[in-house]
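S.K.: Once you've had a glance at the structure underneath, I'll fire off some questions.
We did not get these values from a lab; they are worked out from the coordinates using the rules stated. No experiment lies behind these values; they were computed from the predicted model shown. For neighbour counting, all protein chains shown are included, and Cβ atoms are generated from backbone atoms with ideal geometry for every residue, glycine included.
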Ligand SMILES: [Mn+2]
């Protein structure tokens, strides 16, 4: 693919250029990751819905490509929940073997628990937020794209079910919102890009929507 001039988005930033530029073409590795992710998550649904889980992985991969991610970043986006939700360390090893260490390290950086039972929620989330302080741009890109798609799903589902939405979350409304607020802060500090701006806007929309709503049955 070639384009002659103008601006391109590279790693989340608009770059002006005047020379011919060779843009990325996705290879058979990407196709392999698509099928691998689809099979791995075939039995999984999105939280509190009948939506096949692959929809989330396709959306996160699309956001990564739209925001200047590389092929490795996009493959990692397709596989970012594979270790956590589908097989733990055995799946991690298969990802390293099939897609290489660059993809494997991004998936590791997007995984907050790979043991069952998972460690306690607060310690796990505190550790994940701390880890983002030193995470690579690729990890920040995939992680922020993941959270943007989750916040968009929350906005859509809140319109459907209202405050009952929070029953899907082990720790309920306030701590779930705290987690997203903390992540948005880290992305803004470490990865100030249009993707982060969009995530921040969507999260503020969610906060405004749910502010001061009483819990269900408490009106
Ligand atoms: Mn995810």
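S.K.: Give the angle, between 0 and 90 degrees and rounded to the nearest 10, that separates the Cα long axis of helix 121-132 from the longest principal axis of the Cα atoms of the chain.
M.R.: It works out to around 30 degrees.
S.K.: Above 25 Å lies some portion of the pair distances; for the chain, what is it as a whole percent of all C-alpha pairs?
M.R.: So the pairs more than 25 Å apart make up 42 percent of the total in the chain.
S.K.: Using the Cα atoms as the points, what is the convex hull volume per residue of segment 52-135 in Å³?
M.R.: Roughly 101 Å³ of hull volume per residue.
S.K.: Taking Cα atoms, how many degrees apart are the long axis of helix 137-161 and the longest axis of the chain, rounded to 10 and kept between 0 and 90?
M.R.: Between helix and principal axis, roughly 40 degrees.
S.K.: Beyond 22 Å, what share of the Cα-Cα pairs of segment 124-209 remains, rounded to the nearest whole percent?
M.R.: More than 22 Å apart: 24 percent of the Cα pairs in segment 124-209.
S.K.: Determine the shape class of segment 101-142: with a ≥ b ≥ c the square roots of the Cα gyration tensor eigenvalues, call it rounded for a/c under 1.5, and otherwise prolate if a/b is greater than b/c, oblate otherwise.
M.R.: On the way: a/c = 3.35, a/b = 1.50, b/c = 2.24.
Note, shape of segment 101-142 comes out oblate.
S.K.: Using only Cα atoms, locate the centre of segment 26-54 and the centre of segment 99-166, then give the distance between them in Å, rounded to an integer.
M.R.: Result: 17 Å between the Cα centres.
S.K.: I've got another one for you. How high is the relative contact order of the chain, in percent, with contacts defined as C-alpha pairs under 8 Å that are six or more residues apart?
M.R.: In percent, rounded to a whole number, it is 17.
S.K.: Determine, for each peptide in 59-67, 81-89, the mean count of other beta carbons within 10 angstrom over its residues, then list the peptides with the highest first.
M.R.: Highest mean packing first, the order is 59-67, 81-89.
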